[in-house]
Amino acid sequence: MRYLILALLCTAGSIAHAQNVTGKTAGYLESIRDNEAALTAFFSAMPKGGDLHNHFVGSIYTETYINKVVSEDYYINRNTLEVSAAPQGGSDWIRCAELQQQGKLSDYKNALMRKWSVEGYNGVSKPSYEQFFETFGGFAPVAAQCTDEGLLELKQRAKRENLNYIETMFLMIPCGVDMSDVQAYNNQLLNVQKKGDVAWTEKLLKQLDRIFTAKNITACATAFNIDSVTKRHNRLKMDDDDFTLRYQNYVLRIFDPVTVFRDLLAAFESADNSPLIVGVNIVAPEHNEVSMRDYWLHMMMYRYCHEKYPNVRYAMHAGELRLGLVQPEELTWHINNAVRIAGADRIGHGVDIAYEQNSYDLLKEMSRQKIAIEISLYSNEFILGVKGSAHPISLYRQYGVPIVICTDDAGVLRSNLVHQFVLLAERYPDISYAEIKQYVYNSIEYSFIEEPEVKKRLTKDLDNKFQQFEQTVAEQAEAGR
């Protein structure tokens, strides 16, 4: 009995000490809310769990792509700044080596930096969303040659930032099946979309599914899983004791309906057969003409794929819109459809939630179903101009929707996860340290990791790192009195 009492006293003492340390850490954060440098140091040291909204090619810093252009002596178009590894005709194209000889290479590198990222953006020459989305087409030829370097950069930077997990939207699945005999389905699908005919849409998708199955679309998914993901992941030793990487497949929603559905089937098939590929996403500007026109149809495609592959998880870019970018009525239904038709497990951005039809009911439903919202504060600020009290993070918080803090495209945006937490603490002083800490744990809890032991290990790792972090902050706060 005596030993039991002693054990209970020790346990109670340990709990009290931990609570005291956590309280001092929270107090220190409150004392530096208006000091950006101090916040940066604080959040650089704080464990940050995972980044669940991470576009692989957009997360690699532009210097990596430019260095590849120079080291491989690419051709550069002096007028358009297009780049090519293969020889190009015409007097506008020049090799990097020749630019170096002329003493002009540095100027072109600076020009590529401004074209392939938001660095130096003046806010005048074009809308910010154009500056952002146009970068991807510019560096695409180089990014395709930087996959290994990019993955290692992602891992090394994450470890320096005190992240232990990233879930990245990785690559498109190449699938060259013959599409000539299914083109007529495009008009049929567009017609049933105009009518909102659910039954006929499902019937057409089922017919297409049978055709693509006969064309052995599974082979595309299998080859991608083995060659592009599993072999590369193991060869580069992406997972270790301090870091874990998982992948999301994605499709581009600006193609014709048949192509999007083919790509979506391949993406779900791939994710259903690999523990490394944990989810599926849909990308490209949501305000794009095709994205807007076919949004309902894409949600129906997701619903069909979910019924076929019930174990595959998926996040969805939805509501990355603002008033003025699209007509007011277009702000009322995207998140609704993503949740209620497509059945998304997480929502990316969700900026237009305040405009959504019956938004309070939608928020309650997201909270009840534990549909996490992926918040990328700087991305929303730069692309959409939405920040401060205009940003809906407070609405999501008020209704208890699980929140995770993410980067989006750190390389293009010249940002990182530390920056997101600094903005969070600066702009929303009512969000406490306890809540911020919960957002970090949410990034593991609401990840799509399939192996329970991996999620358990990452959570335990966070426990240990927060204990060390809070002890250090508490000691420093005490010493600074």
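Roughly how tilted is helix 452-479, in degrees to the nearest 10 and between 0 and 90, from the longest Cα axis of the chain?
Approximately 50 degrees, to the nearest ten.
Could you give me D for region 281-376, from Stokes-Einstein at 20 °C and 1.002 mPa s, where the hydrodynamic radius is the Kirkwood radius over C-alpha pairs? Units µm² s⁻¹, please. Provide the component values of the computation, followed by the final result.
Working: Rh = 13.3 Å.
The Stokes-Einstein estimate is 161 µm²/s.
Could you tell me, in Å, what Rg and Dmax come out for the Cα atoms of region 226-327?
According to the Cα coordinates of region 226-327, Rg and Dmax are 15.6, 49 Å.
Compute the long axis of helix 184-195 from its Cα atoms, compare it with the longest principal axis of the Cα atoms of the chain, and write down the angle in degrees, 0 to 90, nearest 10.
That helix lies at roughly 60 degrees to the long axis.
Give me the one-decimal nm value for the distance between modelled label points at residue 213 and residue 200, 7 Å along each residue's Cα-to-Cβ direction.
Computed distance between label sites residue 213 and residue 200 equals 2.4 nm.
Tell me the label-point distance for the pair residue 187, residue 368, using the 7 Å Cα-to-Cβ offset, in nm and rounded to one decimal.
So the label points at residue 187 and residue 368 sit 4.4 nm apart.
Suppose the Debye formula is applied to equal point scatterers at every Cα of the chain; what is log10 I(q)/I(0) at q = 0.07, 0.11, 0.13 Å⁻¹?
So the normalised log intensities work out to -0.41, -0.98, -1.31.
Pull out the extension gain between residue 156 and residue 222, defined as 0.36 nm times the separation in residues minus the alpha carbon to alpha carbon distance; nm, one decimal.
On the way: separation 66, 0.36 × 66 = 23.76 nm, distance 2.86 nm.
Taking residue 156 through residue 222 to full extension adds about 20.9 nm, to one decimal.
Taking the C-alpha atoms of region 76-232, how large are the radius of gyration and the largest Cα-Cα span, Dmax, in Å?
22.0, 65
List the residues, sorted by chain then number, that are 5 or more residues from residue 251 or on another chain and whose placed amide H is less than 5 Å from its amide H.
281, 282, 283
What is the spread of the Cα atoms of region 360-481 along each of their three principal axes, largest first, in whole Å?
Answer, in whole Å and largest first: 44, 37, 30 Å.
If you add up the charges near residue 210, with Lys and Arg at +1 and Asp and Glu at -1, over every other residue whose beta carbon is less than 12 angstrom from its beta carbon, what do you get? Mind showing how you got there, number by number?
Details: positive: 203, 206, 215, 308; negative: 209.
Neighbour charge sum, excluding residue 210 itself: +3.
Amide H to amide H, which residues 5 or more places from residue 169 or on other chains are under 5 Å from it, using H placed in the peptide plane?
It is 54, 55, 56, 248, by chain and number.
Only bridges whose two residues both fall in the chain count here: according to DSSP, what percent of them are antiparallel, nearest 5? Show your work: numbers first, answer last.
Values: 6 of 35 bridges.
Here the share of antiparallel DSSP bridges comes out near 15 percent.
Just to verify a number: what accessible area does residue 95 come out at with the full protein assembly present, 1.4 Å probe, Å² rounded to tens?
90 Å²
Summing +1 for each Lys or Arg and -1 for each Asp or Glu, what net charge is found among the other residues whose Cβ lies under 13 Å from the Cβ of residue 315?
Working: positive: 246, 313, 346; negative: 51, 167, 320, 345, 374, 408.
Net charge around residue 315: -3.
Test of understanding: what is the full-extension gain from residue 434 to residue 457, defined as 0.36 nm times their sequence separation minus their Cα-Cα distance? Write down the numbers at each step before the final one.
Values: separation 23, 0.36 × 23 = 8.28 nm, distance 2.15 nm.
Taking 0.36 nm per residue and subtracting the Cα distance, the gain is 6.1 nm.
Taking N as the number of residues in region 185-272, what value does Rg over Cα atoms divided by 2.2 N^0.38 Å take?
Details: Rg = 16.8 Å, N = 88, 2.2 N^0.38 = 12.1 Å.
After normalising by residue count via 2.2 N^0.38 Å, the value is 1.40.
Please list, ordered by chain and number, the residues whose modelled amide H lies under 5 Å from the amide H of residue 314; skip anything fewer than 5 residues away on the same chain.
The list, which skips near neighbours in sequence, is 280, 345, 346.
Quick one: what are the phi-derived ³J(HN,Hα) couplings along region 441-451, Karplus 6.51/-1.76/1.60 with θ = phi - 60°, whole Hz, x for glycine and proline?
Per residue, the Karplus-derived 3J(HN,Hα) values read 5, 4, 5, 8, 4, 9, 5, 9, 3, 8, 8 Hz.
Order 430, 345, 263 by their accessible area, 1.4 angstrom probe, all chains in place, largest first. Numbers along the way, then the final one.
Working: 430 90, 345 45, 263 10 Å².
Result, largest first: 430, 345, 263.
Summarise the long-distance tail of P(r) for region 119-200 by giving the % of C-alpha pairs beyond 19 Å.
Details: 2294 of 3321 pairs.
Pairs farther apart than 19 Å: 69 percent.
Compute the helix-to-body angle for 147-160: its Cα long axis versus the longest principal axis of the chain, expressed 0 to 90° and rounded to tens.
20 degrees
Whole-Hz Karplus ³J(HN,Hα) for region 79-89, in order, using 6.51 cos²θ - 1.76 cosθ + 1.60 and θ = phi - 60°, x for Gly and Pro?
These are the phi-based 3J(HN,Hα) values: 9, 9, 6, 5, 10, 8, 7, 8, x, 10, x Hz.
I'd like the Karplus ³J(HN,Hα) series for region 419-426: coefficients 6.51, -1.76, 1.60, θ = phi - 60°, whole numbers in Hz, and an x wherever there's a Gly or Pro.
4, 5, 6, 5, 4, 4, 6, 5
Taking residue 109 as the anchor, which lysines have their alpha carbon closer than 16 Å to its alpha carbon, excluding any fewer than eight residues away along the same chain?
68
Can you spot the lysines whose alpha carbon is less than 27 Å from residue 203's alpha carbon? Ignore those fewer than 8 places along the same chain.
Output for residue 203: 194, 195, 215, 308.
How much length would be gained if the chain were fully extended between residue 390 and residue 45, taking 0.36 nm per residue of separation minus their Cα-Cα distance, in nm to one decimal?
121.3 nm
Count the net charge of all other residues whose Cβ sits under 13 Å from the Cβ of residue 72, scoring Lys and Arg as +1 and Asp and Glu as -1. Numbers along the way, then the final one.
Working: positive: 68, 95; negative: 73, 149.
Surrounding charge for residue 72 is 0.
Ordering 378, 396 from largest to smallest accessible area (1.4 angstrom probe), what's the sequence? Could you put the intermediate results ahead of the total?
Details: 378 50, 396 0 Å².
I get 378, 396, largest accessible area first.
The values are calculated or read from the model by the stated rules, or taken from the named source; none is laboratory data. All of these numbers come straight from a predicted model, not from anything done at the bench. Virtual Cβ from ideal backbone geometry, glycine too; neighbours counted across all protein chains shown. Surface accessibility is based on the protein's heavy atoms, side chains included, excluding ligands, DNA and RNA. Shrake-Rupley method; radii C 1.70, N 1.55, O 1.52, S 1.80 Å.
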